[in-house]
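Participant: Below you'll find the structure I mean.
Read the figures in this text as sums done on the coordinates, not as results from a lab. Computed from a predicted model, the values in this text were never measured in an experiment. Counting neighbours? That spans all protein chains shown, and the Cβs are built from the backbone with ideal geometry, glycine included.
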Amino acid sequence: NAGVTQTPKFRVLKTGQSMTLLCAQDMNHEYMYWYRQDPGMGLRLIHYSVGEGTTAKGEVPDGYNVSRLKKQNFLLGLESAAPSQTSVYFCASSSWGNNQPQHFGDGTRLSIL
Amino acid sequence: GQSLEQPSEVTAVEGAIVQINCTYQTSGFYGLSWYQQHDGGAPTFLSYNALDGLEETGRFSSFLSRSDSYGYLLLQELQMKDSASYFCAVRGATGANNLFFGTGTRLTVIP
């Protein structure tokens, strides 16, 4: 059982380039999330989704877009990358119901030069 | 909004007990969770408290006092592999199990 899989694991971009991070889960979870983690700042929620076809903004949504066309996939897009978006990005999923634990992927380490 | 405070670093001896505290401010409380993250790894769920009191899971226990807006994670019989960062988190009010994380406590276990 793979759980939550993120691709790619590492990426280096130049300022202004675009890219999409892919998250896939095989646990049939309704909820999915994208976080970024910066040194000393913990995890901050970028966007989340409560089901196929729905997305919503989290704490730090600016500069990112997301889509959830299929229940098992949640995509995070950077349209025009900026150095401030250098971070480690984590995807997570959880099942429906109050306070179900979130299951995290291994992260994508993104550097923007 | 939400804010959480936890110590940035804690050091403890192998075999000992350590307590990691977390105080929170939140508009509407829906539970306090704890996650563990080893260097370079993914966060993993440890425990959750919705009501006051102690929840025990093996060597790990978590405590909550809603009246004090305070909780802690207790790790017993510390092992070297417990060296990691520990995050407390509160759930947001959106109903989607969104979590707002603290900045984490880095635990170092020494021989």
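Participant: Roughly how many whole Å is it from the C-alpha centroid of region B:1-45 to that of region A:95-110?
Facilitator: Here the two parts' Cα centres lie 16 Å apart.
Participant: Still on this structure, please answer the following. Averaged over B:23-34, how many beta carbons belonging to a partner chain fall within 10 Å of each residue's beta carbon?
Facilitator: Numbers: counts 0, 0, 0, 0, 0, 0, 0, 2, 2, 1, 3, 0.
Counting Cβ atoms of other protein chains within 10 Å of each residue's Cβ and averaging gives 1.
Participant: Classify region B:30-111 as rounded, prolate or oblate from the Cα gyration tensor: take a ≥ b ≥ c as the square roots of its eigenvalues, call it rounded if a/c is under 1.5, otherwise prolate when a/b beats b/c and oblate if not. It would help to have the intermediate numbers written out before the result.
Facilitator: Details: a/c = 2.26, a/b = 1.41, b/c = 1.60.
The shape class here is oblate.
Participant: Let me ask something additional. Straight-line reach only, C-alpha to C-alpha below 14 angstrom: list the aspartates and glutamates that A:LYS70 could link to, leaving out same-chain residues fewer than 8 apart.
Facilitator: Straight-distance partners of A:LYS70: A:ASP26, A:GLU30, A:GLU52.
Participant: Dipole magnitude of chain B about its Cα centre, charges +1 at Lys/Arg Cβ and -1 at Asp/Glu Cβ only, in debye to the nearest 20?
Facilitator: Working: 5 positive and 10 negative charges, 50 e Å.
Charge dipole of chain B: 240 debye, to the nearest 20.
Participant: Count the DSSP beta bridges whose two residues both fall in chain A, then state the antiparallel fraction as a percent rounded to the nearest 5. Please report the intermediate quantities before stating the final value.
Facilitator: Values: 34 of 38 bridges.
Here the antiparallel bridges make up roughly 90 percent for chain A.
Participant: Which one, A:ASN28, A:GLY40, A:PRO83, is farthest towards the positive end of the dipole of chain A when Lys and Arg carry +1 and Asp and Glu -1 on their Cβ?
Facilitator: Of A:ASN28, A:GLY40, A:PRO83, it is A:PRO83.
Participant: With contacts defined as alpha carbon pairs under 8 Å and 6 or more residues apart, what's the relative contact order of region B:1-96 in percent?
Facilitator: On the way: 196 pairs, mean separation 33.4, N = 96.
Reported as a whole number, the value is 35 percent.
Participant: Give me the dipole magnitude in Debye, nearest 20, for chain A about the Cα centre, with unit charges on the beta carbon: positive for Lys and Arg, negative for Asp and Glu.
Facilitator: In total the dipole reaches around 220 debye.
Participant: State, to one decimal in nm, how far the label point of B:GLU5 lies from the label point of B:SER69, with both points 7 Å from Cα in the Cβ direction.
Facilitator: Simple spin-label model gives 1.0 nm for this pair.
Participant: What size of dipole, in debye to the nearest 20, comes out for the protein assembly as shown about its Cα centre when the only charges are +1 on Lys and Arg C-beta atoms and -1 on Asp and Glu C-beta atoms? Show your work: numbers first, answer last.
Facilitator: Working: 15 positive and 18 negative charges, 148 e Å.
Taking the Cα centre of the protein assembly as shown as origin, the dipole is about 720 debye.
Participant: How many angstrom lie between the Cα centre of region A:46-70 and the Cα centre of region B:51-93?
Facilitator: 29
Participant: Is there a simple number for the mean count of other chain Cβ atoms within 10 Å of the Cβ of residues in A:85-96, and what is it?
Facilitator: On the way: counts 0, 0, 0, 2, 0, 3, 1, 5, 1, 5, 1, 2.
Taking all residues of A:85-96 together, the mean is 2.
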